[in-house]
Amino acid sequence: MKKQKKNTNRKKIIILVVLLVSAIYIIFNIFSISAPILPQPTLKSLAKGRDINLGVHIVVNRLKNKPYREIAVSQFGFATIDGPAQWLYLRPTKNTYNYSGINTVMQFAKENNMPVQLHHLVWGEVNYLPSWLTDGHFSSSQLLNILHDDISTTASHYKGQVETWTVVNEAFTRSQHTYGLHDWWADNISQGSTYIDDSFIWARQADPNAKLLLNDFNNESQNSVSNAEYVYVKEALARGVPIDGIGMQMHIDATNPPSKDSVIANMQRFKALGLPTYITEFDINITNVKGSQTYKDSLQAKITYNMIRACIESKSCISINEFGITDKNNLLKWLFSTNSHSYLFNNRYKPTASFYSFRNALLAE
């Protein structure tokens with residue numbers, strides 16, 4: 001019995017030691033991380049000198065971290081809101097709206113004189129739509145009424161506070177079932193893509209002075225997605241649909257990045273229609289790149305340089321939004337449980353090779 005009691009006490013001591021060490025590690029990491037001293041001029045100042053606005057996706061639960069806030073304010077000129085604007089979180093029931101997450105970022109942006117870009121009024125990703133909608137067995141006309149109500153209510157609620165809305169997201173990649181994706185709205189509204197026209201018209205009515213973007217991915221170079229988008233936009237503008245710009249998410253796969261020249265050519269053909277380009281969700285996926293971490297980081301830096309130069313040299317690209325600050329909130333880690341590095345700062349908020357290549361792209365003649 002004494003031996004059993006001694007073993008139990010030993011286990012308790014081991015657990016306490018582990019907990020103590022873990023607590024010390026966590027406290028050390030929280031209080032030892034600080035914002036780095038970065039070169040001047042800042043990224044946002046250099047971008048502004050190129051007539052490009054530079055922004056960053058703000059993650060609500062990171063705003064409590066001082067280095068996160070300091071980097072966001074010092075290096076970026078506008079704030080992008082994404083997650084809490086998705087219907088799954090925004091509309092928990094048909095008749096209620098939850099603006100709390102959006103408001104947190106809006107307040108941060110207001111306090112720091114940062115304009116806001118808000119994603120998305122309409123997105124056909126079923127995993128980000130509430131079950132009351134997807135399981136509601138609504139008719140096409142009912143769905144259009146629900147969509148109209150949401151756009152009118154949300155855009156009116158923030159009328160005059162949002163500089164740029166991405167109105168419709170991923171309609172063209174999803175209509176072509178890129179990566180097996182589907183557009184829930186197009187699949188369930190019998191009029192198909194005409195909901196895009198309606199969405200822009202309703203957004204303009206609700207928030208007349210905001211810029212309205214048609215956003216997609218895999219549309220940074222000329223291919224089936226951007227070609228379909230181009231045809232739609234040309235015809236939509238002729239119909240009077242109020243589209244103000246083309247959003248290119250620019251989630252780049254480092255194993256197959258687009259060439260700088262192809263991106264420039266694609267941006268310029270939309271410019272010929274009178275529409276500037278906005279890079280809305282910029283990051284680079286190095287997960288599937290073979291080689292050492294040093295090689296992967298250098299490749300990411302090279303691609304970053306080329307894409308920023310494409311934006312500058314196109315004379316059409318007026319906005320770049322980094323889809324994150326630190327790899328603590330790496331989208332690819334969340335989606336695929338990978339250890340990818342995608343952003344300009346690492347887990348400890350230190351600038352990466354891509355930070356300097358981004359900066360060099362802005363400085364180069």
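Just so you know, all these numbers are worked out from the coordinates, no wet-lab data involved. Predicted model, so just to flag it, every value in this text is computed and none were measured. As a convention, Cβ positions derive from the backbone with ideal geometry for all residues, glycine included, and neighbour counts pool all protein chains shown.
Please list, in chain and number order, the residues 5+ apart from Cys317 or on another chain whose amide H is under 5 Å from its amide H, with Hs placed from the backbone.
Thr277
Relative to the first principal axis of the alpha-carbon coordinates of the chain, what is the inclination of helix 194-206, with its axis defined by its Cα atoms, in degrees from 0 to 90 and to the nearest 10?
Its long axis makes an angle of about 80 degrees.
Excluding Leu212 itself, calculate the net charge of residues whose Cβ lies under 9 Å from the Cβ of Leu212, where each Lys or Arg counts +1 and each Asp or Glu counts -1. Mind showing how you got there, number by number?
Numbers: positive: Arg204, Lys211; negative: Asp207, Asp244.
Cβ neighbours under 9 Å give a net charge of 0.
Hey, what number do you get for the chain at 222 nm if only DSSP H runs of n ≥ 4 count, each worth -39500 (n - 2.57), divided across all residues, to the nearest 500? Write out the running numbers ahead of the final one.
Details: 15 runs with 175 residues, N = 365.
Helix contribution divided over all residues of the chain: -15000 deg cm²/dmol.
Please list, or write none, the aspartates and glutamates whose alpha carbon is within less than 20 Å of the alpha carbon of Lys64, excluding same-chain residues fewer than 8 places away.
The qualifying aspartates and glutamates are Asp82, Glu111, Glu322, Asp327.
Hey, what do the phi angles of region 223-235 turn into as Karplus ³J(HN,Hα) couplings, whole Hz, using 6.51/-1.76/1.60 and θ = phi - 60°, x for Gly and Pro?
These are the phi-based 3J(HN,Hα) values: 7, 5, 5, 5, 5, 5, 5, 4, 4, 4, 4, 4, 6 Hz.
Could you tell me which of the pairs Lys110/Lys234; Lys211/Lys350; Lys48/Lys302; Lys66/Lys94 are separated by over 30 angstrom between their Cα atoms in the structure shown?
Lys110/Lys234; Lys211/Lys350; Lys66/Lys94
Run the simple label-point estimate for Leu273 and Thr93 please: 7 Å along Cα→C-beta, distance reported in nm.
Label-label distance for Leu273 and Thr93, simple model: 4.1 nm.
For the chain, take N as its residue count and report Rg(C-alpha) divided by 2.2 N^0.38 Å. Please report the intermediate quantities before stating the final value.
Details: Rg = 22.6 Å, N = 365, 2.2 N^0.38 = 20.7 Å.
Its radius of gyration relative to the 2.2 N^0.38 Å reference: 1.09.
Of Thr134, Thr80, Thr287, which is the most mobile in a GNM of the chain whose springs link Cα atoms less than 10 angstrom apart?
Taking springs between Cα atoms under 10 Å, the residue moving most is Thr134.
Using a simple charge model, +1 on the beta-carbon of Lys and Arg, -1 on the beta-carbon of Asp and Glu, nothing else, what dipole does the chain show about its Cα centre, in debye to the nearest 20? Walk me through the numbers before you get to the answer.
Details: 36 positive and 29 negative charges, 511 e Å.
Dipole of the chain, to the nearest 20 debye: 2460 debye.
Working out 0.36 nm times the residue gap between Ser74 and Ser100, then minus their Cα-Cα distance, what length gain in nm do you get to one decimal? Numbers along the way, then the final one.
Working: separation 26, 0.36 × 26 = 9.36 nm, distance 2.51 nm.
Answer, rounded to one decimal: 6.9 nm.
Taking amide H atoms as placed 1.01 Å from N in the peptide plane, list the residues 5 or more away in sequence, or in a different chain, whose amide H sits under 5 Å from that of Asn285.
Residues meeting the criterion, in which the H sits 1.01 Å from N, are Ile252, Asp253, Ala254.
Residue by residue through region 84-98, what is 3J(HN,Hα) from phi via Karplus (6.51 cos²θ - 1.76 cosθ + 1.60, θ = phi - 60°)? Round to whole Hz and write x for glycine and proline.
Taking θ as phi minus 60°, the curve returns x, 8, 6, 3, 4, 9, 6, 10, x, 9, 4, 10, 10, 10, 10 Hz for region 84-98.
Straight distance only, please: which aspartates and glutamates reach the Cα of Lys260 with their own Cα at less than 14 Å, same-chain residues fewer than 8 apart left out?
List returned: Glu220, Glu313.
With r as the distance between the Cβ atoms of Asp51 and Ser156 and R0 = 30 Å, compute the FRET efficiency 1/(1 + (r/R0)^6) and round to 0.05.
Numbers: r = 31 Å, r/R0 = 1.03.
My answer for the efficiency is 0.45.
Against the longest principal axis of the chain, how steep is helix 2-32, in degrees 0 to 90 to the nearest 10, with axes from Cα atoms?
Compared with the principal axis, the helix lies near 50 degrees.
Between Ile37 and Asn347, what is the label-point separation in nm under the 7 Å Cα-to-beta-carbon projection?
So the two model labels end up 2.6 nm from each other.
Compute log10 of I(q)/I(0) for region 40-128 with the Debye formula, placing one identical point scatterer on every Cα and leaving out solvent, at q = 0.15 Å⁻¹, to two decimals.
Once normalised to I(0) and log-transformed, intensities are -0.61.
From the phi angles alone, apply the Karplus equation (6.51, -1.76, 1.60; θ = phi - 60°) to region 346-351 and give each ³J(HN,Hα) in whole Hz, x where the residue is Gly or Pro.
Those phi angles translate into 7, 4, 9, 6, 8, x Hz.
Starting from the 7 Å offset along Cα-to-Cβ, what nm value, one decimal, do you get for the label separation of Arg62 and Glu235?
4.0 nm
So how tilted is helix 353-363 from the main axis of the chain? Cα-based, degrees 0 to 90, rounded to 10.
So the helix axis and the longest Cα principal axis differ by about 40 degrees.
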